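Student: Following this message is one structure expressed as structure tokens.
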Amino acid sequence: MPMGIFCVTGWGKSSFVRCKVIPLLREAGYGVVVFDWKGDDYVPYADRLKARVLKLHEITYLGPESGATYIIKKARNFGFSSGSALLNNLEAVLTEVLEDASQARIASSEELRAYIESKVENRLPGVVDKKYLSLCLARFRAYFRRLDPRIFELLIEAGKKKPKEVIELAKEEGVVIIDLSGWEPEEKLTAFLTLAEHVWYKMNVLKERVGVAFVIDEAPQYCPYQPKGLQEETTRMIESLCALGRSYGLPIVVISQGMRGDIGINAAVRRNINTWFIGKVHPLDREEAQNMLPGVDIDFLQSLEVGHFYFYGNMCPSPVPLLIRFSIEGC
Ligand SMILES: Nc1ncnc2c1ncn2[C@@H]1O[C@H](COP(=O)(O)OP(=O)(O)O)[C@@H](O)[C@H]1O
Ligand SMILES: [Mg+2]
């Protein structure tokens, strides 16, 4: 059931998914969760898709531990080298303060920011050697004050939609678009992982059917050829979602301008895809496209117009690749 849609940018991938793939998944009885990386491929069409749009900060909550790691990362280690004793002390204090903050049920990001600042300043003298205290306080203040105020929105639990609720919403209302625009790749991938971990748990531990499809547009952002940092987690996650999704009703739609190598998606994810839609590809992908599309003339593939794809694989009723086209009228 994992599907891959590939062609060069501007040749109609996102439109095809919007106009054909999502309605098809709906007809087959699935709810759909769409991850809109830049917020401009699906969000503007929410009405026509009868979709609910949720912004990244409405679904992302980082608990005390990951919250402390996140603040430290954003504050560039407060100027300390990673693993240093002072940074470890600071991390311990931050984690404690975030735990207290979650007990205190702080509801606004401004309030949380002020709370963290004053509590950390109060507690540092108790854990940091006197010799280093003024340095530590000065660095903490300097870097903390430079933090983007919006990051505190991700550290507040009140009012957040839980992953379970998002998946339920997709089932009940049909389509949920996650608007990832306006955040750094790191936060976008974290938001993705929040939902992905929930469905992973549902399938792998509870052995429950999901009944919701995941649409991952701009897939190389999540599972590139060579994943780095958080991408290593998202790549592994997408690979296991593809594998589990077949048995537990979680179709995965992966959309990418490149198939293989630097511009492509990770090989482990690509191997799981069993239904292909391939339009005009990047010159570097000629060979891969030829492997995937037996009997198709690659020069002809490269001459295809916008909105034309070869359809091949498990879901295709034909034993040879079928050339299909679609219209964007009315969608
Ligand atoms: N089947 C189609 N017929 C006519 N125009 C199309 C078709 N599919 C896409 N387009 C147009 O091509 C442009 C790029 O489409 P888009 O879906 O954003 O491509 P991609 O996601 O591959 O970059 C858009 O302006 C879109 O309206
Ligand atoms: Mg696109």
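Student: Can you spot the aspartates and glutamates whose alpha carbon is less than 12 Å from LYS171's alpha carbon? Ignore those fewer than 8 places along the same chain.
Tutor: Cα-Cα hits under 12 Å: none found.
Student: Something else about it: Quick check: pseudo-label points 7 Å beyond the Cα along Cα→Cβ at GLU305 and GLU96, how many nm apart are they?
Tutor: It works out to 6.9 nm between the two label points.
Student: For the chain, go through all pairs of different Cα atoms, get the mean of 1/r, take its inverse, and jot down that Kirkwood value in Å.
Tutor: When all Cα pairs of the chain are included, the Kirkwood radius is 21.6 Å.
Student: With the chain treated as a Gaussian network of Cα nodes joined by springs under 10 Å, which of ALA92, ALA104, ALA196 yields the largest mean-square fluctuation?
Tutor: ALA104
Student: In addition: Using a Förster distance of 25 angstrom, determine the FRET efficiency expected from the C-beta separation of ARG286 and ARG246, and round it to 0.05.
Tutor: Efficiency computed from Cβ-Cβ geometry: 0.25.
Student: Additional query: Ignoring ligands and nucleic acids, what accessible area does VAL53 show with a 1.4 Å probe (Å², nearest 10)?
Tutor: The accessible area comes out at roughly 50 Å².
Student: What is the log10 of I(q)/I(0) for the stretch 16-128, computed with the Debye formula using one identical point scatterer on each Cα and no solvent, at q = 0.17, 0.20, 0.21 Å⁻¹?
Tutor: Calculated log10 I(q)/I(0) at the listed q: -0.83, -1.01, -1.09.
Student: Express in whole angstrom the spacing between the alpha-carbon centres of the stretch 199-225 and the stretch 2-52.
Tutor: The stretch 199-225 and the stretch 2-52 have Cα centres spaced 16 Å from each other.
Student: Restricting to the chain, compute how many DSSP beta bridges are antiparallel as a %, nearest 5.
Tutor: So the antiparallel bridges amount to about 25 percent of the total.
Student: Out of the total accessible area of the stretch 240-331 (probe 1.4 Å, heavy atoms of protein only), what percent is carbon and sulfur?
Tutor: So the carbon and sulfur contribution to the accessible surface is 51 percent.
Student: Name the lysines eligible as straight-distance cross-link partners of LYS228: C-alpha to C-alpha under 24 Å, and not fewer than 8 places from it in the same chain.
Tutor: The reachable lysines, counting only those whose Cα sits under 24 Å from LYS228, are LYS38, LYS73, LYS74, LYS188.
Student: For the chain, can you list the cysteines whose C-beta has no other cysteine C-beta under 4.7 Å from it?
Tutor: Unpaired cysteines in the chain: CYS7, CYS136, CYS223, CYS242, CYS316.
Student: For the chain, modelled as a GNM with alpha-carbon contacts under 10 angstrom, which of ILE255, ILE151, ILE178 fluctuates the most?
Tutor: ILE151
Student: OK, next. Any chance you could run the full-extension gain for GLU117 through ASP148? It's 0.36 nm times the residue separation minus the Cα-Cα distance, nm to one decimal.
Tutor: 9.8 nm
Student: Oh, and also: What residue among LEU112, LEU87, LEU62 shows peak mean-square fluctuation when the chain is described by a Gaussian network model with Cα springs under 10 Å?
Tutor: The residue that fluctuates most here is LEU87.
Student: Sticking with this one: What is the spin-label model distance, in nm, from LEU24 to ARG271 if the labels are put 7 Å beyond Cα along the C-beta direction?
Tutor: Result: 2.6 nm between the two label points.
Student: With label points built 7 Å along Cα→Cβ from the Cα atoms of ASP262 and ASN88, find their separation and express it in nm.
Tutor: Here the modelled spin labels are 4.1 nm apart.
Student: I would also like to ask the following. Can you tell me which lysines have their Cα less than 16 Å from the Cα of LYS119? Leave out same-chain residues fewer than eight positions away.
Tutor: Output for LYS119: empty list, no partners.
Student: Which percent of the accessible heavy-atom area of the stretch 64-155 goes to carbon and sulfur, probe 1.4 angstrom?
Tutor: The value for the stretch 64-155 is 47 percent carbon and sulfur by accessible area.
Student: Check each of the trypsin sites (Lys or Arg not before Pro) in the stretch 164-223 and keep only those in coil by DSSP with at most 14 other C-beta atoms within 10 angstrom; list them in order.
Tutor: Within the stretch 164-223, the qualifying trypsin sites (Lys or Arg not before Pro) (loop, at most 14 other Cβ atoms within 10 Å) are LYS207, ARG209.
Student: How big, in percent, is the set of alpha carbon pairs in the stretch 64-155 lying more than 19 Å apart?
Tutor: 31 percent
Student: On to the next question. Residue by residue, what Karplus-based ³J(HN,Hα) values in Hz, rounded to whole numbers, does the stretch 82-92 have, using 6.51, -1.76 and 1.60 with θ = phi - 60° and x for Gly and Pro?
Tutor: 5, x, 6, 4, 5, 5, 4, 4, 4, 5, 4
Student: If you plug each phi of the stretch 281-290 into the Karplus form 6.51 cos²θ - 1.76 cosθ + 1.60 with θ = phi - 60°, what whole-Hz ³J(HN,Hα) values come out, in order, with x for Gly and Pro?
Tutor: 10, 5, x, 5, 9, 3, 5, 4, 4, 5
Student: Work from the charge dipole of the stretch 64-155 (Cβ charges, +1 for Lys and Arg, -1 for Asp and Glu, about the Cα centre) and give the residue of ALA92, ILE106, ALA138 farthest towards its positive end.
Tutor: ALA138
Student: So, one more: For the chain, with the dipole built from +1 on Lys and Arg beta-carbon atoms and -1 on Asp and Glu ones, taken about the Cα centre, which of SER14, GLY83, MET315 lies farthest toward the positive end?
Tutor: Result: GLY83, furthest along the dipole toward the positive end.
Student: What number comes out for accessible area per residue over the stretch 135-223 if the probe is 1.4 Å? Units Å², please.
Tutor: That works out to 42 Å² for each residue.
Student: Any chance you could get the radius of gyration and Dmax over the Cα atoms of the stretch 136-232, in Å?
Tutor: In order Rg, Dmax, the Cα atoms of the stretch 136-232 give 16.7, 52 Å.
The values are calculated or read from the model by the stated rules, or taken from the named source; none is laboratory data. Since the model is a prediction, treat every value here as computed from it, not as a measurement. Positions of Cβ are generated from backbone atoms using ideal geometry, with glycine treated the same way; all protein chains shown enter the neighbour counts. Remember, those area values only see protein heavy atoms, side chains included, never the ligands or the DNA or RNA. Shrake-Rupley method; radii C 1.70, N 1.55, O 1.52, S 1.80 Å.
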